[in-house]
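Structure, as structure tokens:
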Amino acid sequence: MSSLFQRRLLVGAMAALCVGVFVTDNIVSLQMISGRSMQPALNPDSNRLKRDVVLVDKAVRGSMASRLRRGDIVVFASPTDPDRRLVKRIVGMPHDCVVPLSNPDSYVRVPQGQCWVEGDESFHSSDSNSFGPIPIALITGRAIAPVWPLSRFGARLNPLPEWKKSRVYVNGGFRLT
């Protein structure tokens, strides 16, 4: 091989690497889902050898955070361990009042710039019922669809469960149903 060919090959490989890093950091990436907290939407099979992998939209950070909605499944940095990524569903947005599972006779008003997140399987979830509302700035992406296992490729993610809607008061006023 000529040195010119090797140089072009190296430059092409470096360019592809740069594009790949940019895309996975800023546009889309893959996230493996572990645990039972998002069943049945994610990891519906109890078999620990079959874990869902989802495509994650990274274009919901910063000024694009206004694209987030109640019911979206999001990936975020744990408020208690920043090196850990959690996957939960947005239940309440800023100014909503949410009735926490731990105290059904009270409510929590979600502050501006924060949201209330919960796992679909609440008894197996460490979520806002444990640590309170999270800053929207911790959200690193929104799950779009499963890509693995192939039997679930492109499956529609379940919407916000009805029993969770009954615990949310939009902007502190009317009940979300």
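The values are calculated or read from the model by the stated rules, or taken from the named source; none is laboratory data. Worth saying up front: this structure is predicted, and the values here are computed from it rather than measured. Glycine gets a Cβ as well: all are built from the backbone with ideal geometry, and neighbour counts include every protein chain shown. For accessibility, only protein heavy atoms count, side chains too; no ligands or nucleic acids. Shrake-Rupley method; radii C 1.70, N 1.55, O 1.52, S 1.80 Å.
Within region 112-147, name every residue whose backbone N is under 18 Å away from a label modeled 7 Å from Cα of ILE27 along the Cβ vector. Of the residues in region 112-147, 141-145 have backbone N under 18 Å from the label point off ILE27. One chain, two ends: LEU101 and ASP83. Fully extended at 0.36 nm per residue, the span grows by 3.8 nm beyond their Cα-Cα distance. Could you grab the relative contact order for the chain? Cα pairs under 8 Å, six or more apart, rounded to a whole percent. 24 percent.
Per residue of the chain, the DSSP helices (runs of n ≥ 4 H) give a summed -39500 (n - 2.57) that works out to -5500 deg cm²/dmol at 222 nm. Within the accessible surface of region 56-177, defined with a 1.4 Å probe on protein heavy atoms only, the carbon and sulfur portion equals 54 percent.
Place a +1 charge on the Cβ of each Lys and Arg in region 52-177 and a -1 charge on the Cβ of each Asp and Glu, then give the dipole magnitude about the Cα centre in debye, rounded to the nearest 20. Write out the running numbers ahead of the final one.
On the way: 17 positive and 12 negative charges, 83 e Å.
The dipole of region 52-177 has a size of about 400 debye.
Could you give the nm distance between label points at VAL11 and ALA155, where each point is 7 Å from its Cα heading toward the beta carbon? Taking the two extended label points, one gets 4.7 nm.
Taking 0.36 nm per residue of sequence separation and removing the Cα-Cα distance, the PHE131/SER66 pair yields an extension gain of 21.1 nm.
Computed over protein heavy atoms with a 1.4 Å probe, the accessible surface of the chain works out to 58 Å² per residue. Kirkwood-type hydrodynamic radius, region 1-56: 14.2 Å, calculated from all non-identical alpha-carbon pairs. Over all distinct Cα-Cα pairs of the chain, the Kirkwood formula returns a hydrodynamic radius of 17.6 Å.
For region 63-140, what does the alpha-carbon gyration tensor say about shape, rounded, prolate or oblate, given a ≥ b ≥ c as the root eigenvalues, a/c under 1.5 as rounded, and a/b over b/c as prolate?
The shape class here is oblate.
For the chain, take the longest principal axis of its alpha carbons; what is the angle in degrees between that and the long axis of helix 3-26, to the nearest 10 within 0 to 90? It works out to around 0 degrees.
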